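**Q** The structure's right below; bear with me while I get my questions together.
The values are calculated or read from the model by the stated rules, or taken from the named source; none is laboratory data. Everything quoted here is computed from the prediction, not taken from an experiment. Cβ: placed from backbone, ideal geometry, glycine included. Neighbour counts: every protein chain shown.
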Amino acid sequence: MSERTPCDNTKTTLRPMTEADLAMVRVWRNDPAVRQFMFTQHDINAEEHRCWFTGIADDQTKRFLIALVDGTPIGMVSFTHIDATSGSAEWGFYKDPGLPTGTGIHLLQAALVYGFTNLALRQIDSRVLCTNSKVLHLHHKLSFRKDESVAVLQNDCGDAISYCVFHLSREQWTRSANHLTEY
(Lines give C-alpha, C1' and ligand atoms only; values in the text may rest on other atoms or scores of the structure.)
Protein backbone atom coordinates (compact mmCIF):
# COMPACT_ATOMS: atom_id res chain seq x y z
CA MET A 1 0.00 0.00 0.00
CA SER A 2 1.44 3.39 -0.94
CA GLU A 3 1.90 6.13 1.63
CA ARG A 4 -0.75 8.83 1.41
CA THR A 5 0.33 12.42 1.15
CA PRO A 6 -1.26 15.03 3.41
CA CYS A 7 -3.00 16.33 0.30
CA ASP A 8 -4.94 13.22 -0.74
CA ASN A 9 -8.63 14.08 -1.10
CA THR A 10 -7.94 17.57 0.24
CA LYS A 11 -7.78 20.96 -1.44
CA THR A 12 -4.52 22.89 -1.25
CA THR A 13 -4.89 26.61 -0.56
CA LEU A 14 -2.42 29.46 -0.82
CA ARG A 15 -2.08 32.56 1.33
CA PRO A 16 0.46 35.38 1.39
CA MET A 17 3.62 34.68 3.37
CA THR A 18 3.86 36.82 6.52
CA GLU A 19 6.62 37.68 8.95
CA ALA A 20 5.19 35.01 11.27
CA ASP A 21 6.14 32.38 8.65
CA LEU A 22 9.82 33.34 8.47
CA ALA A 23 11.18 30.86 11.02
CA MET A 24 9.26 27.93 9.49
CA VAL A 25 10.20 28.82 5.90
CA ARG A 26 13.86 29.32 6.86
CA VAL A 27 13.96 25.85 8.46
CA TRP A 28 12.56 24.33 5.26
CA ARG A 29 14.90 26.31 3.01
CA ASN A 30 18.01 25.54 5.09
CA ASP A 31 17.32 21.80 5.21
CA PRO A 32 20.16 20.15 3.24
CA ALA A 33 17.65 18.28 1.05
CA VAL A 34 16.21 21.65 -0.10
CA ARG A 35 19.31 23.86 0.06
CA GLN A 36 21.36 21.64 -2.27
CA PHE A 37 18.99 22.57 -5.12
CA MET A 38 18.89 26.33 -4.49
CA PHE A 39 20.83 28.92 -6.49
CA THR A 40 21.91 30.46 -3.16
CA GLN A 41 23.27 27.46 -1.27
CA HIS A 42 24.65 28.84 1.96
CA ASP A 43 22.82 28.42 5.28
CA ILE A 44 20.64 31.51 5.75
CA ASN A 45 20.61 33.02 9.24
CA ALA A 46 17.57 34.64 10.86
CA GLU A 47 18.77 38.23 10.35
CA GLU A 48 19.55 37.67 6.66
CA HIS A 49 16.12 36.09 6.18
CA ARG A 50 14.34 38.94 7.96
CA CYS A 51 16.20 41.53 5.86
CA TRP A 52 15.27 39.66 2.68
CA PHE A 53 11.61 39.58 3.69
CA THR A 54 11.60 43.29 4.55
CA GLY A 55 13.11 44.01 1.14
CA ILE A 56 10.45 42.10 -0.80
CA ALA A 57 7.41 43.00 1.31
CA ASP A 58 6.20 45.88 -0.90
CA ASP A 59 7.68 44.72 -4.20
CA GLN A 60 4.78 44.34 -6.65
CA THR A 61 6.92 42.18 -8.96
CA LYS A 62 7.09 39.43 -6.33
CA ARG A 63 4.60 37.22 -4.47
CA PHE A 64 5.60 34.75 -1.79
CA LEU A 65 2.88 32.34 -0.69
CA ILE A 66 2.41 29.58 1.84
CA ALA A 67 0.62 26.44 0.66
CA LEU A 68 -1.71 24.85 3.21
CA VAL A 69 -3.76 21.70 3.58
CA ASP A 70 -6.42 21.82 6.27
CA GLY A 71 -4.70 24.91 7.68
CA THR A 72 -1.32 23.16 7.95
CA PRO A 73 1.57 24.66 5.95
CA ILE A 74 3.09 22.22 3.45
CA GLY A 75 5.40 24.49 1.44
CA MET A 76 6.24 27.85 -0.07
CA VAL A 77 5.81 29.09 -3.64
CA SER A 78 7.08 32.31 -5.13
CA PHE A 79 6.38 34.30 -8.25
CA THR A 80 9.14 36.76 -9.09
CA HIS A 81 9.91 39.01 -12.05
CA ILE A 82 6.16 39.51 -12.47
CA ASP A 83 5.75 41.56 -15.63
CA ALA A 84 2.21 42.81 -16.20
CA THR A 85 3.07 43.95 -19.74
CA SER A 86 4.31 40.57 -20.97
CA GLY A 87 2.11 38.59 -18.58
CA SER A 88 5.04 36.50 -17.40
CA ALA A 89 6.71 35.58 -14.13
CA GLU A 90 9.22 33.09 -12.82
CA TRP A 91 8.17 30.67 -10.12
CA GLY A 92 10.07 28.91 -7.38
CA PHE A 93 8.96 26.55 -4.66
CA TYR A 94 9.82 24.02 -2.02
CA LYS A 95 7.80 21.80 0.24
CA ASP A 96 8.32 21.01 3.88
CA PRO A 97 11.14 18.45 3.54
CA GLY A 98 9.55 16.33 6.29
CA LEU A 99 6.51 15.58 4.12
CA PRO A 100 6.36 12.52 1.87
CA THR A 101 7.04 12.36 -1.85
CA GLY A 102 3.91 13.31 -3.76
CA THR A 103 3.12 16.36 -1.65
CA GLY A 104 4.82 18.78 -4.04
CA ILE A 105 2.52 18.11 -7.00
CA HIS A 106 -0.46 19.45 -5.03
CA LEU A 107 1.45 22.59 -4.08
CA LEU A 108 2.45 23.13 -7.73
CA GLN A 109 -1.04 22.58 -9.12
CA ALA A 110 -2.40 25.17 -6.67
CA ALA A 111 0.43 27.54 -7.66
CA LEU A 112 -0.36 27.18 -11.38
CA VAL A 113 -4.01 28.02 -10.75
CA TYR A 114 -2.91 31.06 -8.72
CA GLY A 115 -0.44 32.23 -11.37
CA PHE A 116 -2.77 31.85 -14.33
CA THR A 117 -5.92 33.09 -12.60
CA ASN A 118 -5.08 35.41 -9.69
CA LEU A 119 -2.04 36.96 -11.36
CA ALA A 120 -3.52 36.62 -14.89
CA LEU A 121 -0.18 35.39 -16.22
CA ARG A 122 0.17 34.25 -19.80
CA GLN A 123 3.42 32.37 -19.13
CA ILE A 124 5.26 30.94 -16.13
CA ASP A 125 9.01 30.45 -16.42
CA SER A 126 11.24 28.33 -14.24
CA ARG A 127 14.92 27.63 -13.69
CA VAL A 128 15.81 24.21 -12.29
CA LEU A 129 19.25 22.92 -11.38
CA CYS A 130 20.17 20.09 -13.75
CA THR A 131 20.92 17.87 -10.75
CA ASN A 132 17.37 18.20 -9.36
CA SER A 133 15.84 15.15 -11.04
CA LYS A 134 12.60 15.21 -9.02
CA VAL A 135 11.77 18.81 -9.97
CA LEU A 136 12.84 18.26 -13.57
CA HIS A 137 10.34 15.37 -13.66
CA LEU A 138 7.61 17.52 -12.06
CA HIS A 139 8.04 20.19 -14.74
CA HIS A 140 7.69 17.55 -17.45
CA LYS A 141 4.61 16.11 -15.71
CA LEU A 142 3.04 19.59 -15.56
CA SER A 143 3.62 20.08 -19.35
CA PHE A 144 6.36 22.72 -19.13
CA ARG A 145 8.53 23.08 -22.27
CA LYS A 146 12.28 22.84 -21.66
CA ASP A 147 14.73 25.05 -23.55
CA GLU A 148 17.21 23.11 -25.66
CA SER A 149 20.30 24.70 -24.14
CA VAL A 150 21.54 24.44 -20.58
CA ALA A 151 22.56 27.64 -18.81
CA VAL A 152 25.36 28.03 -16.28
CA LEU A 153 25.84 30.53 -13.50
CA GLN A 154 28.14 30.93 -10.54
CA ASN A 155 26.44 30.35 -7.19
CA ASP A 156 27.19 32.16 -3.93
CA CYS A 157 29.84 29.54 -3.08
CA GLY A 158 31.73 30.31 -6.30
CA ASP A 159 30.78 27.05 -8.01
CA ALA A 160 29.53 26.90 -11.59
CA ILE A 161 26.08 25.31 -11.63
CA SER A 162 24.07 24.20 -14.63
CA TYR A 163 20.36 24.77 -14.84
CA CYS A 164 17.52 24.10 -17.25
CA VAL A 165 15.00 26.75 -18.27
CA PHE A 166 11.32 25.84 -18.59
CA HIS A 167 8.22 27.67 -19.82
CA LEU A 168 4.51 26.96 -19.50
CA SER A 169 1.97 29.10 -21.33
CA ARG A 170 -1.60 29.50 -20.13
CA GLU A 171 -2.73 27.79 -23.36
CA GLN A 172 -0.45 24.78 -22.77
CA TRP A 173 -1.65 24.55 -19.19
CA THR A 174 -5.32 24.75 -20.19
CA ARG A 175 -4.87 21.99 -22.81
CA SER A 176 -2.80 19.78 -20.54
CA ALA A 177 -4.26 16.53 -19.29
CA ASN A 178 -2.51 17.32 -16.02
CA HIS A 179 -4.54 20.51 -15.50
CA LEU A 180 -6.69 19.71 -12.49
CA THR A 181 -9.36 21.90 -10.99
CA GLU A 182 -9.17 20.03 -7.69
CA TYR A 183 -5.72 20.00 -6.20
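**Q** For residues that are among the charged types (D, E, K, R) and touching a strand residue (DSSP E or B) at 6+ places or on another chain (Cβ under 6 Å), tally how many sit in segment 75-93.
**A** The total comes to 1.
**Q** How many of the residues making up segment 9-43 are surrounded by 11 or more Cβ atoms within 10 Å (Cβ to Cβ) and modelled with pLDDT of 85 or more?
**A** Counting residues in segment 9-43 that are surrounded by 11 or more Cβ atoms within 10 Å (Cβ to Cβ) and modelled with pLDDT of 85 or more gives 17.
**Q** Just name the residue that is nearest to LEU168 (Cα to Cα) out of those in segment 46-82 that are out of contact with any Pro (no Cβ under 9 Å at 6 or more places or on another chain) and aliphatic (A, V, I, L, M). Break it down into steps so the answer makes sense when it comes.
**A** Going through segment 46-82, the residues out of contact with any Pro (no Cβ under 9 Å at 6 or more places or on another chain) turn out to be 46-62, 68, 71, 73, 75-82.
Next cut, aliphatic (A, V, I, L, M) only: 46, 56-57, 68, 76-77, 82.
Numbers: ALA46: 34, ILE56: 25, ALA57: 26, LEU68: 24, MET76: 20, VAL77: 16, ILE82: 14 Å.
Checking each candidate, the answer is ILE82.
**Q** Also, I was wondering about something else. Just the residues that are farther than 14 Å from HIS106 by Cβ, surrounded by fewer than 16 Cβ atoms within 10 Å (Cβ to Cβ) and of a type in the set (Val, Ile, Thr), please, taken from segment 56-90.
**A** Residues satisfying the conditions are ILE56, THR61, THR80, THR85.
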